[in-house]
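See below for the structure under consideration.
The values are calculated or read from the model by the stated rules, or taken from the named source; none is laboratory data. All figures in this text were calculated on a predicted structure; none of them were measured in a lab. Note that each Cβ is placed from the backbone with ideal geometry, even for glycine, and that neighbours are counted across all protein chains shown. For the accessible areas, the whole protein counts, side chains as well, though only heavy atoms, and no ligand, DNA or RNA atoms are used. Shrake-Rupley method; radii C 1.70, N 1.55, O 1.52, S 1.80 Å.
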Amino acid sequence: MAKRILAIDTTASLQDTLAGYLSSSEFLVAGAAGGDQARDILKTEHFDVVVAAHQLADMDGFALIEFIATQERRPSIILISDDDPMVRHKIRDHAMAYSVNLLATLSAPVDGELVKAALRDVASLGGGDAEGAQTSLAETEFMRGLMTDGLSPVFQPKINLRNGKVVGAEAFARWNAPGGGLLGAGAVIKVAREKGYMDVLTYRMLELALQQQGKWRREGKDVPLSINTSSENLRKADFADVVSGLAEQFGVDPSMVRLEVTEADFQVDERVPLENLALLHARGFGLSLDDFAAGFAPLMQLKVIPFDEIVVDRTFLVRAGEDGVAKIIFEAAIDLARKLKLSCTVEGVETETQLKMAKDMGADYAQGYFIGKPMSASEFLIWIEDYEDGVLVIPGLP
Ligand code: C2E
Ligand code: CA
Ligand code: CA
(Lines give C-alpha, C1' and ligand atoms only; values in the text may rest on other atoms or scores of the structure.)
(Ligands and ions follow the chains in the order given, each with its own letter.)
Protein backbone atom coordinates (compact mmCIF):
# COMPACT_ATOMS: atom_id res chain seq x y z
CA MET A 1 0.00 0.00 0.00
CA ALA A 2 1.24 3.49 -0.81
CA LYS A 3 2.64 5.46 2.14
CA ARG A 4 1.00 8.80 2.96
CA ILE A 5 3.09 11.94 3.18
CA LEU A 6 2.01 15.33 4.48
CA ALA A 7 4.04 18.26 3.14
CA ILE A 8 3.82 21.34 5.40
CA ASP A 9 4.84 24.65 3.86
CA THR A 10 3.31 28.07 3.43
CA THR A 11 3.30 27.64 -0.35
CA ALA A 12 2.24 24.55 -2.26
CA SER A 13 5.72 24.21 -3.75
CA LEU A 14 6.99 21.60 -1.26
CA GLN A 15 4.00 19.38 -1.96
CA ASP A 16 4.51 19.80 -5.71
CA THR A 17 8.22 19.12 -5.48
CA LEU A 18 7.73 15.93 -3.46
CA ALA A 19 4.93 14.72 -5.72
CA GLY A 20 7.24 15.31 -8.67
CA TYR A 21 10.10 13.29 -7.19
CA LEU A 22 8.23 10.36 -5.70
CA SER A 23 6.43 7.61 -7.53
CA SER A 24 2.69 7.83 -6.89
CA SER A 25 2.41 4.06 -6.54
CA GLU A 26 4.67 4.23 -3.48
CA PHE A 27 3.81 7.61 -1.95
CA LEU A 28 0.68 9.79 -1.84
CA VAL A 29 1.54 13.41 -1.07
CA ALA A 30 -0.95 15.77 0.58
CA GLY A 31 -0.30 19.36 1.65
CA ALA A 32 -0.91 21.67 4.62
CA ALA A 33 -0.42 25.44 4.31
CA GLY A 34 1.10 25.93 7.75
CA GLY A 35 1.34 24.62 11.30
CA ASP A 36 -2.26 25.21 12.33
CA GLN A 37 -3.71 23.49 9.29
CA ALA A 38 -1.23 20.61 9.74
CA ARG A 39 -2.34 20.09 13.35
CA ASP A 40 -5.98 19.90 12.26
CA ILE A 41 -5.24 17.41 9.51
CA LEU A 42 -2.99 15.23 11.67
CA LYS A 43 -5.62 15.03 14.41
CA THR A 44 -8.04 13.30 12.06
CA GLU A 45 -5.93 11.53 9.45
CA HIS A 46 -2.94 9.19 9.68
CA PHE A 47 0.21 9.96 7.72
CA ASP A 48 3.35 7.83 7.57
CA VAL A 49 5.69 10.76 7.10
CA VAL A 50 5.49 14.51 7.64
CA VAL A 51 7.88 16.66 5.60
CA ALA A 52 8.03 20.21 6.96
CA ALA A 53 9.96 23.43 6.65
CA HIS A 54 11.64 24.01 10.04
CA GLN A 55 10.98 27.77 10.10
CA LEU A 56 7.20 27.99 9.76
CA ALA A 57 5.78 31.12 11.38
CA ASP A 58 3.22 29.16 13.41
CA MET A 59 5.22 25.97 14.15
CA ASP A 60 8.96 25.34 14.05
CA GLY A 61 10.58 21.91 13.98
CA PHE A 62 10.69 21.66 17.78
CA ALA A 63 6.98 22.40 18.09
CA LEU A 64 6.19 19.94 15.31
CA ILE A 65 8.08 17.18 17.15
CA GLU A 66 6.22 17.94 20.36
CA PHE A 67 2.90 17.83 18.53
CA ILE A 68 3.68 14.56 16.75
CA ALA A 69 4.61 13.06 20.13
CA THR A 70 1.01 13.60 21.31
CA GLN A 71 -0.36 11.52 18.42
CA GLU A 72 -1.32 7.90 18.95
CA ARG A 73 0.20 6.75 15.66
CA ARG A 74 3.23 8.90 15.16
CA PRO A 75 4.35 9.72 11.65
CA SER A 76 8.09 9.92 10.96
CA ILE A 77 9.47 13.38 10.20
CA ILE A 78 11.75 14.97 7.63
CA LEU A 79 12.66 18.59 8.36
CA ILE A 80 13.86 21.05 5.77
CA SER A 81 16.08 23.77 7.19
CA ASP A 82 19.02 25.99 6.40
CA ASP A 83 20.26 25.84 9.94
CA ASP A 84 23.78 25.09 11.04
CA PRO A 85 24.77 21.60 12.22
CA MET A 86 24.31 22.49 15.90
CA VAL A 87 20.64 23.43 15.39
CA ARG A 88 20.10 20.23 13.44
CA HIS A 89 21.76 18.34 16.21
CA LYS A 90 19.43 19.93 18.77
CA ILE A 91 16.43 19.07 16.62
CA ARG A 92 17.61 15.47 16.53
CA ASP A 93 18.05 15.39 20.31
CA HIS A 94 14.58 16.85 20.68
CA ALA A 95 13.12 14.14 18.43
CA MET A 96 14.87 11.46 20.44
CA ALA A 97 13.72 12.92 23.74
CA TYR A 98 10.13 12.79 22.46
CA SER A 99 10.58 9.35 20.82
CA VAL A 100 9.74 10.75 17.42
CA ASN A 101 11.42 9.13 14.42
CA LEU A 102 13.29 11.93 12.64
CA LEU A 103 14.29 10.47 9.29
CA ALA A 104 16.47 13.40 8.22
CA THR A 105 17.08 17.12 8.40
CA LEU A 106 17.70 18.38 4.87
CA SER A 107 18.80 21.71 3.43
CA ALA A 108 16.55 23.85 1.27
CA PRO A 109 15.98 23.67 -1.64
CA VAL A 110 14.94 20.07 -1.34
CA ASP A 111 17.01 17.52 -3.22
CA GLY A 112 14.80 14.69 -4.51
CA GLU A 113 17.52 12.06 -4.22
CA LEU A 114 18.04 12.88 -0.56
CA VAL A 115 14.32 12.73 0.14
CA LYS A 116 14.14 9.34 -1.54
CA ALA A 117 17.10 8.13 0.51
CA ALA A 118 15.46 9.33 3.72
CA LEU A 119 12.19 7.63 2.78
CA ARG A 120 13.80 4.32 1.93
CA ASP A 121 13.38 2.97 5.46
CA VAL A 122 9.71 3.93 5.52
CA ALA A 123 8.98 2.30 2.19
CA SER A 124 10.63 -0.92 3.30
CA LEU A 125 8.75 -1.10 6.60
CA GLY A 126 5.66 -3.28 6.67
CA GLY A 127 2.47 -1.40 7.42
CA GLY A 128 0.01 -3.94 8.85
CA ASP A 129 -2.03 -2.51 11.71
CA ALA A 130 -2.40 -5.81 13.58
CA GLU A 131 1.33 -6.36 13.51
CA GLY A 132 1.89 -2.77 14.59
CA ALA A 133 -0.38 -3.19 17.61
CA GLN A 134 1.39 -6.40 18.65
CA THR A 135 4.86 -4.93 18.58
CA SER A 136 4.03 -1.53 20.02
CA LEU A 137 4.72 -2.42 23.66
CA ALA A 138 8.11 -3.97 23.01
CA GLU A 139 8.82 -1.06 20.73
CA THR A 140 8.02 1.47 23.45
CA GLU A 141 10.24 -0.44 25.88
CA PHE A 142 13.03 -0.55 23.38
CA MET A 143 12.72 3.14 22.58
CA ARG A 144 12.64 4.02 26.26
CA GLY A 145 15.71 1.86 26.88
CA LEU A 146 17.51 3.52 23.99
CA MET A 147 16.89 6.93 25.50
CA THR A 148 17.64 5.98 29.10
CA ASP A 149 19.99 3.28 30.35
CA GLY A 150 19.22 0.34 28.08
CA LEU A 151 22.25 0.67 25.88
CA SER A 152 25.76 0.55 27.26
CA PRO A 153 28.86 0.54 25.11
CA VAL A 154 31.76 -1.80 25.84
CA PHE A 155 35.31 -1.18 24.66
CA GLN A 156 37.83 -3.64 23.27
CA PRO A 157 41.50 -2.62 23.22
CA LYS A 158 43.40 -2.42 19.99
CA ILE A 159 47.17 -3.00 20.01
CA ASN A 160 50.04 -2.00 17.75
CA LEU A 161 51.69 -5.32 16.87
CA ARG A 162 55.14 -3.80 16.40
CA ASN A 163 55.58 -1.95 19.67
CA GLY A 164 52.79 -3.43 21.79
CA LYS A 165 51.26 0.01 22.51
CA VAL A 166 47.51 0.43 22.99
CA VAL A 167 46.32 2.46 20.00
CA GLY A 168 42.70 2.81 21.05
CA ALA A 169 39.54 0.77 21.33
CA GLU A 170 36.51 -0.32 19.39
CA ALA A 171 33.10 0.34 20.91
CA PHE A 172 30.41 -2.35 20.71
CA ALA A 173 26.76 -2.16 21.67
CA ARG A 174 25.46 -4.07 24.69
CA TRP A 175 21.97 -4.02 26.21
CA ASN A 176 21.28 -4.00 29.94
CA ALA A 177 18.81 -6.85 30.32
CA PRO A 178 16.16 -6.48 33.08
CA GLY A 179 17.67 -9.28 35.23
CA GLY A 180 21.04 -7.52 35.34
CA GLY A 181 22.74 -9.34 32.45
CA LEU A 182 24.11 -7.83 29.27
CA LEU A 183 22.71 -8.74 25.86
CA GLY A 184 25.15 -8.99 22.95
CA ALA A 185 25.29 -6.68 19.96
CA GLY A 186 23.67 -9.31 17.72
CA ALA A 187 20.46 -9.40 19.77
CA VAL A 188 20.25 -5.60 20.09
CA ILE A 189 20.82 -5.10 16.40
CA LYS A 190 18.22 -7.71 15.47
CA VAL A 191 15.52 -5.87 17.45
CA ALA A 192 16.63 -2.48 16.13
CA ARG A 193 16.53 -3.75 12.52
CA GLU A 194 13.13 -5.38 12.90
CA LYS A 195 11.62 -2.26 14.42
CA GLY A 196 13.28 0.21 12.12
CA TYR A 197 15.45 1.74 14.87
CA MET A 198 18.89 0.93 13.52
CA ASP A 199 19.52 4.60 12.83
CA VAL A 200 18.53 5.57 16.36
CA LEU A 201 20.67 2.78 17.81
CA THR A 202 23.76 3.90 15.93
CA TYR A 203 23.13 7.53 16.78
CA ARG A 204 22.79 6.64 20.44
CA MET A 205 25.94 4.48 20.35
CA LEU A 206 27.84 7.35 18.76
CA GLU A 207 26.52 9.67 21.42
CA LEU A 208 27.44 7.34 24.31
CA ALA A 209 30.85 6.41 22.89
CA LEU A 210 31.83 10.01 22.11
CA GLN A 211 30.56 11.14 25.49
CA GLN A 212 32.80 8.54 27.15
CA GLN A 213 35.70 9.57 24.94
CA GLY A 214 35.22 13.23 25.94
CA LYS A 215 35.12 12.20 29.60
CA TRP A 216 38.33 10.18 29.28
CA ARG A 217 39.94 13.12 27.59
CA ARG A 218 39.05 15.49 30.42
CA GLU A 219 40.48 12.92 32.83
CA GLY A 220 43.76 13.09 30.90
CA LYS A 221 43.40 9.86 28.91
CA ASP A 222 43.09 10.19 25.14
CA VAL A 223 41.57 6.99 23.74
CA PRO A 224 41.08 6.89 19.95
CA LEU A 225 37.81 5.06 19.27
CA SER A 226 36.51 2.97 16.40
CA ILE A 227 32.73 3.07 16.17
CA ASN A 228 30.56 0.86 13.97
CA THR A 229 28.05 2.44 11.61
CA SER A 230 25.27 0.83 9.61
CA SER A 231 23.70 1.18 6.19
CA GLU A 232 20.62 2.78 7.78
CA ASN A 233 22.51 5.84 8.96
CA LEU A 234 25.01 6.05 6.12
CA ARG A 235 21.98 6.51 3.86
CA LYS A 236 20.71 9.47 5.89
CA ALA A 237 21.58 12.73 4.20
CA ASP A 238 22.55 14.43 7.45
CA PHE A 239 24.67 11.63 8.92
CA ALA A 240 27.99 13.47 8.49
CA ASP A 241 26.55 16.55 10.22
CA VAL A 242 25.14 14.48 13.03
CA VAL A 243 28.51 12.85 13.70
CA SER A 244 30.33 16.21 13.53
CA GLY A 245 27.76 17.77 15.88
CA LEU A 246 28.23 15.01 18.47
CA ALA A 247 32.03 15.23 18.31
CA GLU A 248 31.80 18.98 18.81
CA GLN A 249 29.34 18.62 21.67
CA PHE A 250 31.62 16.25 23.59
CA GLY A 251 34.88 18.03 22.73
CA VAL A 252 36.26 15.12 20.72
CA ASP A 253 38.70 15.76 17.90
CA PRO A 254 37.58 14.03 14.65
CA SER A 255 41.08 12.58 14.22
CA MET A 256 40.44 10.53 17.37
CA VAL A 257 37.38 8.85 15.85
CA ARG A 258 37.34 6.12 13.25
CA LEU A 259 34.07 5.05 11.69
CA GLU A 260 33.83 1.42 10.62
CA VAL A 261 31.70 0.46 7.65
CA THR A 262 31.29 -2.96 6.06
CA GLU A 263 31.03 -3.72 2.40
CA ALA A 264 27.41 -4.79 2.86
CA ASP A 265 26.49 -1.30 4.11
CA PHE A 266 26.31 0.33 0.70
CA GLN A 267 26.89 -0.05 -3.04
CA VAL A 268 29.69 1.84 -4.74
CA ASP A 269 27.19 3.76 -6.90
CA GLU A 270 25.04 5.02 -4.03
CA ARG A 271 25.40 8.75 -3.73
CA VAL A 272 24.37 9.51 -0.16
CA PRO A 273 26.65 7.04 1.70
CA LEU A 274 29.58 8.04 -0.47
CA GLU A 275 28.97 11.73 0.16
CA ASN A 276 28.63 11.14 3.88
CA LEU A 277 31.90 9.22 4.02
CA ALA A 278 33.77 11.74 1.84
CA LEU A 279 32.50 14.60 4.01
CA LEU A 280 33.44 12.86 7.25
CA HIS A 281 36.89 12.11 5.88
CA ALA A 282 37.34 15.71 4.78
CA ARG A 283 36.43 16.81 8.31
CA GLY A 284 39.19 14.62 9.73
CA PHE A 285 37.33 11.48 10.82
CA GLY A 286 39.06 8.18 10.06
CA LEU A 287 37.31 5.56 7.95
CA SER A 288 37.77 1.85 8.27
CA LEU A 289 36.55 -0.96 6.01
CA ASP A 290 35.41 -3.69 8.41
CA ASP A 291 35.13 -7.43 7.72
CA PHE A 292 37.48 -7.08 4.77
CA ALA A 293 37.71 -10.14 2.51
CA ALA A 294 34.39 -11.55 3.73
CA GLY A 295 32.77 -10.77 0.36
CA PHE A 296 33.63 -9.59 -3.12
CA ALA A 297 32.72 -5.93 -3.17
CA PRO A 298 35.51 -4.27 -1.13
CA LEU A 299 38.00 -3.83 -3.94
CA MET A 300 35.76 -1.31 -5.74
CA GLN A 301 34.91 0.33 -2.43
CA LEU A 302 38.60 0.84 -1.71
CA LYS A 303 38.82 2.71 -4.99
CA VAL A 304 35.93 5.13 -4.43
CA ILE A 305 36.16 5.83 -0.68
CA PRO A 306 39.14 7.40 1.14
CA PHE A 307 39.58 4.62 3.71
CA ASP A 308 42.42 4.82 6.24
CA GLU A 309 42.25 1.24 7.37
CA ILE A 310 40.99 -2.24 6.59
CA VAL A 311 39.95 -4.70 9.28
CA VAL A 312 40.51 -8.24 8.05
CA ASP A 313 37.59 -10.54 8.71
CA ARG A 314 38.43 -12.93 11.53
CA THR A 315 37.31 -16.02 9.63
CA PHE A 316 40.48 -15.76 7.55
CA LEU A 317 42.66 -15.63 10.63
CA VAL A 318 40.90 -18.67 12.08
CA ARG A 319 41.22 -20.69 8.89
CA ALA A 320 44.68 -19.45 7.89
CA GLY A 321 46.18 -21.85 10.45
CA GLU A 322 45.11 -24.96 8.52
CA ASP A 323 43.86 -23.79 5.15
CA GLY A 324 46.49 -22.76 2.60
CA VAL A 325 44.04 -20.75 0.47
CA ALA A 326 42.73 -18.81 3.48
CA LYS A 327 46.33 -18.01 4.38
CA ILE A 328 47.04 -16.69 0.88
CA ILE A 329 43.92 -14.47 0.98
CA PHE A 330 44.93 -13.24 4.41
CA GLU A 331 48.44 -12.37 3.19
CA ALA A 332 47.04 -10.72 0.06
CA ALA A 333 44.74 -8.54 2.17
CA ILE A 334 47.65 -7.34 4.30
CA ASP A 335 49.77 -6.78 1.21
CA LEU A 336 46.97 -4.83 -0.46
CA ALA A 337 46.59 -2.62 2.61
CA ARG A 338 50.33 -1.91 2.58
CA LYS A 339 50.37 -1.04 -1.13
CA LEU A 340 47.38 1.27 -0.76
CA LYS A 341 49.08 2.85 2.29
CA LEU A 342 46.22 1.82 4.57
CA SER A 343 46.73 0.37 7.98
CA CYS A 344 45.62 -3.19 8.56
CA THR A 345 43.95 -4.49 11.70
CA VAL A 346 43.41 -8.16 12.40
CA GLU A 347 40.44 -8.83 14.64
CA GLY A 348 39.37 -11.88 16.59
CA VAL A 349 42.83 -12.88 17.80
CA GLU A 350 42.13 -15.66 20.30
CA THR A 351 45.50 -17.41 20.69
CA GLU A 352 49.18 -16.61 20.90
CA THR A 353 49.71 -18.52 17.64
CA GLN A 354 47.19 -16.28 15.86
CA LEU A 355 48.81 -13.18 17.32
CA LYS A 356 52.22 -14.33 16.08
CA MET A 357 50.80 -15.16 12.64
CA ALA A 358 49.20 -11.70 12.32
CA LYS A 359 52.49 -10.09 13.32
CA ASP A 360 54.63 -12.24 11.02
CA MET A 361 52.37 -11.51 8.08
CA GLY A 362 52.90 -7.78 8.61
CA ALA A 363 49.55 -6.65 10.02
CA ASP A 364 49.75 -3.37 11.95
CA TYR A 365 47.20 -3.74 14.71
CA ALA A 366 45.30 -6.49 16.46
CA GLN A 367 42.20 -6.95 18.58
CA GLY A 368 40.78 -10.06 20.16
CA TYR A 369 39.95 -12.00 23.30
CA PHE A 370 43.61 -13.02 23.64
CA ILE A 371 44.54 -9.35 24.08
CA GLY A 372 41.45 -8.08 25.84
CA LYS A 373 37.71 -8.79 25.76
CA PRO A 374 35.22 -5.96 25.25
CA MET A 375 34.91 -4.24 28.67
CA SER A 376 32.92 -1.51 30.37
CA ALA A 377 34.49 1.97 30.36
CA SER A 378 35.79 1.64 33.93
CA GLU A 379 37.16 -1.88 33.35
CA PHE A 380 38.84 -0.62 30.22
CA LEU A 381 40.77 2.09 32.09
CA ILE A 382 41.95 -0.43 34.68
CA TRP A 383 42.98 -2.78 31.86
CA ILE A 384 45.06 -0.04 30.17
CA GLU A 385 46.76 0.89 33.43
CA ASP A 386 47.60 -2.73 34.25
CA TYR A 387 48.88 -3.29 30.75
CA GLU A 388 50.95 -0.12 30.64
CA ASP A 389 52.36 -0.78 34.13
CA GLY A 390 53.38 -4.28 33.11
CA VAL A 391 51.03 -5.91 35.65
CA LEU A 392 49.24 -7.54 32.73
CA VAL A 393 51.53 -9.26 30.24
CA ILE A 394 50.29 -10.53 26.91
CA PRO A 395 52.55 -13.29 25.57
CA GLY A 396 53.91 -12.56 22.10
CA LEU A 397 53.74 -8.77 22.38
CA PRO A 398 56.89 -6.68 22.73
P1 C2E B 1 32.38 -6.39 14.32
O2 C2E B 1 32.42 -4.91 14.25
O3 C2E B 1 33.10 -7.13 13.25
O4 C2E B 1 32.91 -6.74 15.76
C5 C2E B 1 33.67 -7.83 16.09
C6 C2E B 1 32.89 -8.78 16.99
O7 C2E B 1 33.76 -9.82 17.42
C8 C2E B 1 32.34 -8.16 18.26
O9 C2E B 1 31.13 -8.86 18.54
C10 C2E B 1 33.39 -8.51 19.29
O11 C2E B 1 32.88 -8.52 20.61
C12 C2E B 1 33.76 -9.89 18.83
N13 C2E B 1 35.12 -10.28 19.20
C14 C2E B 1 36.14 -9.51 19.62
N15 C2E B 1 37.25 -10.27 19.84
C16 C2E B 1 36.91 -11.54 19.53
C17 C2E B 1 37.63 -12.78 19.54
O18 C2E B 1 38.80 -12.87 19.88
N19 C2E B 1 36.94 -13.88 19.13
C20 C2E B 1 35.63 -13.83 18.74
N21 C2E B 1 35.04 -14.96 18.37
N22 C2E B 1 34.93 -12.68 18.70
C23 C2E B 1 35.57 -11.55 19.11
P24 C2E B 1 29.83 -8.09 18.99
O25 C2E B 1 30.17 -7.05 19.99
O26 C2E B 1 28.82 -9.13 19.37
O27 C2E B 1 29.37 -7.36 17.68
C28 C2E B 1 28.95 -8.08 16.55
C29 C2E B 1 28.74 -7.16 15.38
O30 C2E B 1 27.65 -6.29 15.65
C31 C2E B 1 29.93 -6.25 15.12
O32 C2E B 1 30.87 -6.91 14.33
C33 C2E B 1 29.29 -5.08 14.41
O34 C2E B 1 29.11 -5.37 13.05
C35 C2E B 1 27.93 -5.03 15.06
N36 C2E B 1 27.93 -3.98 16.10
C37 C2E B 1 28.39 -4.03 17.38
N38 C2E B 1 28.19 -2.85 18.00
C39 C2E B 1 27.62 -2.03 17.08
C40 C2E B 1 27.18 -0.65 17.10
O41 C2E B 1 27.32 0.08 18.09
N42 C2E B 1 26.63 -0.15 15.96
C43 C2E B 1 26.50 -0.92 14.84
N44 C2E B 1 25.97 -0.34 13.76
N45 C2E B 1 26.92 -2.19 14.77
C46 C2E B 1 27.47 -2.74 15.88
CA1 CA C 1 33.73 -3.36 13.67
CA1 CA D 1 34.67 -6.98 11.89
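Once R0 is set to 35 Å, what does the formula 1/(1 + (r/R0)^6) return for the Cβ-Cβ distance between Thr44 and Ala108, expressed as a FRET efficiency to the nearest 0.05? Computed FRET efficiency for Thr44 and Ala108: 0.75. If R0 is 22 Å, what FRET efficiency do you get for Asp222 and Ala69 from their C-beta distance, rounded to 0.05? After rounding to 0.05, the efficiency reads 0.05. Label sites at Thr11 and Asp36, each approximated as a point 7 angstrom past Cα along Cα to Cβ, lie 2.2 nm apart.
Could you work out which residue, out of Gln212, Gln55, Gln71, moves most in a Gaussian network model of the chain, that is, has the largest mean-square fluctuation with Cα springs under 10 Å? Fluctuation is largest for Gln71. Between Ala2 and Asp149, what is 0.36 nm times their sequence separation minus the Cα-Cα distance? Round to one decimal in nm. Value of the extension gain: 49.3 nm. Each distinct pair of alpha carbons in the chain adds a 1/r term; the inverse of their mean, the Kirkwood radius, is 22.6 Å. Among the protein heavy atoms, those of Asp308 account for about 50 Å² of accessible surface (1.4 Å probe, every chain in place). Expressed to the nearest 5 percent, the antiparallel share of DSSP beta bridges inside segment 139-388 is 40 percent. For segment 267-398, a crude dipole built from +1 on the beta carbon of Lys and Arg and -1 on the beta carbon of Asp and Glu, taken about the Cα centre, is about 480 debye to the nearest 20. Counting only heavy atoms of the protein chains and using a 1.4 Å probe, Tyr21 has close to 90 Å² of accessible surface.
Decide, for segment 1-40, between rounded, prolate and oblate: order the square roots of the alpha carbon gyration tensor eigenvalues as a ≥ b ≥ c, take rounded if a/c falls under 1.5, and otherwise choose prolate if a/b is larger than b/c, else oblate. Note, shape of segment 1-40 comes out oblate. Could you state the angle between the C-alpha long axis of helix 271-282 and the longest principal axis of the C-alpha atoms of the chain, as a value from 0 to 90 degrees rounded to the nearest 10? Orientation of helix 271-282: about 60 degrees from the principal axis. When shorter helices are ignored and each DSSP H run of at least 4 residues is given -39500 (n - 2.57), the per-residue value for the chain at 222 nm works out to -14000 deg cm²/dmol. Per the Debye formula on identical point scatterers at the alpha carbon atoms of segment 239-331, with no solvent, log10 I(q)/I(0) at q = 0.10, 0.15, 0.20 Å⁻¹ is -0.32, -0.63, -0.93.
Springs join every pair of Cα atoms under 10 Å in this Gaussian network model of the chain, and among Asp238, Asp48, Asp149 the largest mean-square fluctuation is at Asp149. Could you work out which residue, out of Phe239, Phe307, Phe67, moves most in a Gaussian network model of the chain, that is, has the largest mean-square fluctuation with Cα springs under 10 Å? Maximum among the listed residues: Phe67.
Compared with the direct C-alpha span, the chain from Asp58 to Asp360 gains 102.1 nm at full extension, assuming 0.36 nm per residue. Normalised by the number of residues in the chain, the average gap of Cα pairs under 8 Å and 6 or more apart makes the relative contact order 12 percent. If you take the square roots of the eigenvalues of the alpha-carbon gyration tensor of segment 274-398 and sort them as a ≥ b ≥ c, do you get rounded (a/c under 1.5), prolate (a/b over b/c) or oblate? The shape class here is oblate. Using 0.36 nm per residue and subtracting the Cα-Cα separation, the extra length available between Glu352 and Tyr369 on full extension is 5.1 nm. In the context of the full set of protein chains, residues of the chain present 45 Å² of accessible surface per residue (probe radius 1.4 Å, heavy atoms only).
Rounded, prolate or oblate: which fits segment 158-301, taking a ≥ b ≥ c as square roots of the Cα gyration tensor eigenvalues, rounded meaning a/c under 1.5, else prolate when a/b beats b/c? Here segment 158-301 falls in the rounded category. Taking the accessible area of segment 139-388, probe 1.4 Å, and keeping the other protein chains in place, the carbon and sulfur fraction comes to 54%. Taking every C-alpha pair closer than 8 Å and separated by at least 6 residues, the mean separation divided by the residue count of segment 1-112 gives a relative contact order of 25 percent. Of the cross-linked pairs Lys43/Lys195; Lys90/Lys165; Lys190/Lys327, those separated by over 30 Å at the C-alpha level are Lys90/Lys165; Lys190/Lys327. In this view, the solvent-accessible surface of Tyr387, computed with a 1.4 Å probe and all protein chains in place, comes to about 30 Å².
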